[in-house]
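Data block below; observations after.
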Amino acid sequence: MRATTRLAQVCLLLAGCLLVWILPHLSSWEPGRQPDLPVIYVITPTHSRPTQKADLTRLANTLRQVPKLHWILVEDAKVLSPIVAGLLSRCGLAYTHLNVSKPDFCQRSCVARGSEQRNLGLDWLRRNRGPLDSGVVYFADDDNTYDLELFEEMRYTKLVSVWPVGLIAARWYERPLVGNGRVVGWYTGFPGRTFGIDMAGNARFVLKGAKAGMQENDFLSKLTRMEDLEPKANNCTRVLVWHTRTEPAALYKHRKENISIEV
Ligand code: UGA
Ligand code: MN
């Protein structure tokens, strides 16, 4: 009897110690919380078209699985659309919803798609984050396909990091060529640029007034030198992002009339 009482006392004491240890940790505990990780700020330009909601749904499903990620979704539109707002409110991510319309001169054929929207995303970051906030910026188009590993590759970028992009420029992939751990050239279907890389293939940047196909090159030229680029994805030998493209609106033959449900 006395042995049982003693055992009960020891158990109570142990349980008490455990509680004392757990309680201070409880207030800071949240599922998925990893306080020391730099935040990945994903800026995505998006525009209205038949596949927009499907593309954004797929992208949200990817981003939701990445810890410490903030999605800055910028609509190419005069006002925020309820479809995108609804999708964001249900997506379970930290997000910022913005809009800016492409300039009038490119309403019909836009010279550099997504440029104004990326700049607005950067403006938001300048206004809302300071030098003490650690993080990396990635411009993720809404129709590309992203391997989750890509985000951990880019998370500790110092200035600009680079990696291959699949299904681009009429090739299975483009990639930075790496020698002794440094970028020494480009395998690309669009040569003649100092930085032969797509927007999907690097973390951090953008430029006002850039021409289609030259945004990446022009911005990187102002920001860094080829030899200072940080090659990721096993010295740029792995494709972790694909430049997939869903049907352009002009090819979309589905009838739009009489839509009475949420699409
Ligand atoms: C390629 C590059 O991968 C893009 O990063 C680059 O912005 C673009 O070329 C360019 O320089 O024009 P591509 O697949 O040809 O991409 O272009 P889209 O996917 O049609 O557009 C890129 C992003 O801008 C998408 O997120 C898209 O939703 C958005 N966008 C497109 C707009 O915000 N407004 C538009 O009128 C068209
Ligand atoms: Mn695209």
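The values are calculated or read from the model by the stated rules, or taken from the named source; none is laboratory data. Remember, it's a predicted structure, so these values are computed and weren't measured experimentally. As a convention, Cβ positions derive from the backbone with ideal geometry for all residues, glycine included, and neighbour counts pool all protein chains shown. The area values use the complete protein model at the heavy-atom level, side chains included, leaving out ligands, DNA and RNA. Shrake-Rupley method; radii C 1.70, N 1.55, O 1.52, S 1.80 Å.
Observations on the model:
- Looking across 69, 88, one residue alone is in contact (Cβ under 8 Å) with a residue 60 or more places away in the chain, within 15 Å of the chain's Cα centre (by Cα) and open to solvent by less than 20 Å² (accessible area, probe 1.4 Å). It is 69.
- Identity of the residue in the stretch 115-146, of a type in the set (D, E, K, R), buried (at least 18 other Cβ atoms within 10 Å of the Cβ) and in a helix (DSSP H, G or I), that ends up nearest to ligand 2 (Cβ to nearest atom): 118
- Residues in the stretch 154-168 that are open to solvent by 10 Å² or more (accessible area, probe 1.4 Å) and either closer than 15 Å to residue 217 by Cα or assigned to a strand (DSSP E or B) (or both): 167, 168.
- Residue in the stretch 59-75 that is β-branched (Val, Ile, Thr) and assigned to a loop (DSSP other than H, G, I, E, B) present: yes
- Residue count for the stretch 215-258, restricted to those that are within 16 Å of ligand 2 (Cβ to nearest atom), buried (at least 17 other Cβ atoms within 10 Å of the Cβ) and not β-branched (Val, Ile, Thr): 4
- Residues (more than 16 Å from ligand 2 (Cβ to nearest atom), open to solvent by 40 Å² or more (accessible area, probe 1.4 Å) and either at pLDDT 95 or above or of a type outside the set (Asp, Glu) (or both)) located in the stretch 35-52: 35
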